[in-house]
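The values are calculated or read from the model by the stated rules, or taken from the named source; none is laboratory data. Bear in mind the structure is a predicted one, so any value in this text is a computation, not a measurement. All Cβ positions, even for glycine, are placed from backbone atoms using ideal geometry, and neighbour counts span all protein chains on display. The accessibility values were calculated without ligands, DNA or RNA, using every heavy atom of the protein model including side chains. Shrake-Rupley method; radii C 1.70, N 1.55, O 1.52, S 1.80 Å.
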Amino acid sequence: MSYAQTALDQLEKGQLDAFKKQYALALRHDDDDTLFSLAEELYSLGFLNQSRRIYEKLLKKYPDEDELRTNLADIAIDEDKNDEALDYLNQVRPDSPAYIESLMVAADLYQTQELFEVSEQKLLTARRLAPEEPVITFALAELYFTMREFRKAIPLYLELITAGTTDMSRVNLVERLGVAYANAGRFEQGIGYLKQIHSGDMTPDVKFETAFTYLQLKERTEAIRLFNELKDSDEHYTSLYPYLGQALEEENRLPEALTALQEGLGVDQYNEKLWLQAAHVATRLDDEALAEQYLKRGHELDSDDLSAVIQLSNLYVKQERWAETQELATPYVQNDDADPQLYWNLAVAAEHEEDYTTARKYYDAATPFFMDQADFLRSAIYFYREEGAREEVVRLLQAYLKQVPDDSEMALMLEGYTD
C-alpha cells in the first residue's frame with residue numbers, strides 16, 4: 001500500500017496527526033502518478049494547502065504539464081487569489097492539450113467576479129474548439145441562466161436533454177429547462193417540463209417557480225396548493241407570500257388572501273410592497289382602518305414609493321380628510337415627475353378647503369392626464385364653471401360627452417354654453 005493511500009485512510013478515520021506523517025512520507029517516496037491522484041482526492045476533500053503542495057512539486061518536475069497549472073488555478077480561485085489564478089491560466093498556450101480546460105477555469109473565475117461577458121467569451125471559445133463536449137454546453141447554459149438570459153440558455157439545455165443528459169453536476173436539467181422557459185415568459189412549455197418533476201424531488205426554488213408558472217397560466221388552484229406546500233415546509237421563503245396573496249385575491253378568497261399576506265409580514269416586516277398589497281386587500285374587505293395602518297407602515301419604510309402616497313391620499317380623499325391629503329401629497333408634487341393622481345387629489349382637497357387658487361393650479365396640472373376619465377371630468381367641469389372658465393368648461397364637456405353621451409344634464413349644460 002502506498003503512503004498516499006495510508007494517508008487517506010488515516011484521514012477517513014479522523015487521525016489528523018497520523019495523516020500528516022503519512023502525507024509527508026508520500027511527498028518523499030510515492031511515485032508521481034500516485035501523488036497526482038492524492039492531490040485530486042485532497043482537493044475534493046477541501047485540503048487545499050496539501051493539494052497545492054503536490055501540484056507545485058509536480059510542476060517543477062514537469063513544467064510542460066499545463067493540467068497542473070489549471071489545477072493550481074482552481075485552488076487559487078477557491079482561496080480568492082484571483083491574480084495568482086490568472087497568472088497560471090495565462091501560461092497555458094492555445095496549442096496546449098489543457099487549453100480548453102484553462103478556458104473553463106477562466107470562465108469560472110470571471111463569473112465569480114461578475115464579469116459575465118468575459119466569462120461568456122471564454123466559454124464560446126471553448127465550445128468552438130470542442131462543440132460536442134457536454135460539460136462546456138452545460139457551463140454556458142448555466143452562465144446564461146445566472147445572467148437571466150433564459151432565451152439563450154434554453155436551446156443549450158435542450159441540446160443536452162436531447163442527447164440523453166438529464167443531470168449534470170447535481171443539477172436536474174429538466175428542472176432548469178422548465179424554469180428557464182417560465183422565466184422567458186413561455187409558461188406553457190415551462191409547465192410541461194416542471195410537471196415532470198416529482199413534488200418530493202423539487203427544491204424550494206423549483207417549487208416556487210412551478211407555482212408561479214401555474215399562476216401565470218391562471219391555474220390558480222394548483223398555484224395556491226404549491227405555494228401553501230412551500231409555506232408549510234419553509235415559512236421563511238418570503239418570495240411566496242405576495243404571489244400566494246395574489247392568487248387567493250384573484251380567486252376572490254379575500255380573507256384568506258389577507259391572512260396569507262399577514263403571515264408574510266410576520267417573517268418579512270420590512271417589505272414595503274407587502275404592506276401595500278395587504279392594504280389593498282384590506283380596502284377590498286372594507287376595513288379602511290387596517291388599510292390605513294398598513295399604508296402608513298409601507299410609507300414609513302420607503303417614503304419615496306409613490307404608490308403608498310397615492311393609495312393613502314386616495315383613502316384620505318374618500319374619507320374627506322382634506323388637510324391630511326394636502327399635508328401628505330404636497331411634498332411629492334414639487335417636481336415634474338409627480339404622479340397625476342396626486343394633482344387630482346390635491347385639487348379636490350384644496351377645493352373643499354376653499355383654497356381656489358391652489359385648486360385651480362392642480363386642476364390645470366391634472367386635466368391633460370385625465371381627459372378620458374369621466375369621474376375627473378365631471379368634477380373639473382363643476383369647478384371650472386364656478387371659476388367662470390368658459391372655454392375650459394366647453395372643452396371638458398365635449399370630452400365628457402364623448403364618453404357619457406346619454407348624460408342629459410351635461411348635454412344641456414353644453415347647449416347653454418354653445419347657444
Fill in the blank from the handout: When residue 89 is run through (1) farther than 26 Å from residue 14 by Cβ; (2) of a type outside the set (Ser, Thr, Tyr); (3) not in a helix (DSSP H, G or I), the failure sits at (3)
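What helices (runs of 4 or more DSSP H), lying completely within region 1-85, carry at least 2 residues that are surrounded by fewer than 13 Cβ atoms within 10 Å (Cβ to Cβ)? Before the answer, list the steps.
Working: elements: 3-12, 16-29, 32-44, 48-61, 66-78.
In region 1-85, 16-29, 32-44, 48-61 are the helices (runs of 4 or more DSSP H) which contain 2 or more residues that are surrounded by fewer than 13 Cβ atoms within 10 Å (Cβ to Cβ).
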Problem - Filtered residue count, region 327-369, keeping only those that are charged (D, E, K, R), out of contact with any helix residue (DSSP H, G or I) (no Cβ under 6 Å at 6 or more places or on another chain) and not in a helix (DSSP H, G or I) - result: 4
Exercise for the section: Count, please, the residues in region 230-258 that happen to be assigned to a helix (DSSP H, G or I), of a type outside the set (A, V, I, L, M) and surrounded by 16 or more Cβ atoms within 10 Å (Cβ to Cβ). Expected result: 8
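For every residue, the table says whether it meets (1) buried (at least 16 other Cβ atoms within 10 Å of the Cβ); (2) closer than 23 Å to residue 352 by Cβ.
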site	(1), (2)
285	no, no
292	yes, yes
307	yes, no
316	yes, yes
323	no, yes
327	no, yes
331	no, yes
Handout entry: Of the criteria (1) within 25 Å of residue 308 (Cα to Cα); (2) open to solvent by 10 Å² or more (accessible area, probe 1.4 Å), which one residue 357 fails
Key = (1)
Completion exercise
Result of the Cβ filter at 8 Å on region 374-389, keeping first residues that are closer than 20 Å to residue 418 by Cβ and touching a residue at least 40 places away in the same chain (Cβ under 8 Å) and partners that are open to solvent by 60 Å² or more (accessible area, probe 1.4 Å) and among the charged types (D, E, K, R), at least 6 apart or interchain, is none
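Need at least 2 residues that are farther than 19 Å from residue 205 by Cβ and open to solvent by less than 50 Å² (accessible area, probe 1.4 Å) per element, so show me which helices (runs of 4 or more DSSP H) inside region 117-194 make the cut, counting only ones lying wholly within it.
Working: elements: 134-146, 150-162, 173-183, 187-194.
Qualifying helices (runs of 4 or more DSSP H): 134-146, 150-162.
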Practice task
Could you look through region 295-305, keep only residues that are assigned to a helix (DSSP H, G or I) and either within 15 Å of residue 280 (Cβ to Cβ) or basic (Lys, Arg) (or both), and pick out the one that is most open to solvent (accessible area, probe 1.4 Å)?
Solution key: 296
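Residues that are open to solvent by 70 Å² or more (accessible area, probe 1.4 Å), at pLDDT 95 or above and assigned to a helix (DSSP H, G or I): does region 265-278 have at least one?
no
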Handout entry: Conditions (1) assigned to a loop (DSSP other than H, G, I, E, B); (2) at pLDDT 95 or above; number of the one not met by residue 372
Key = (2)
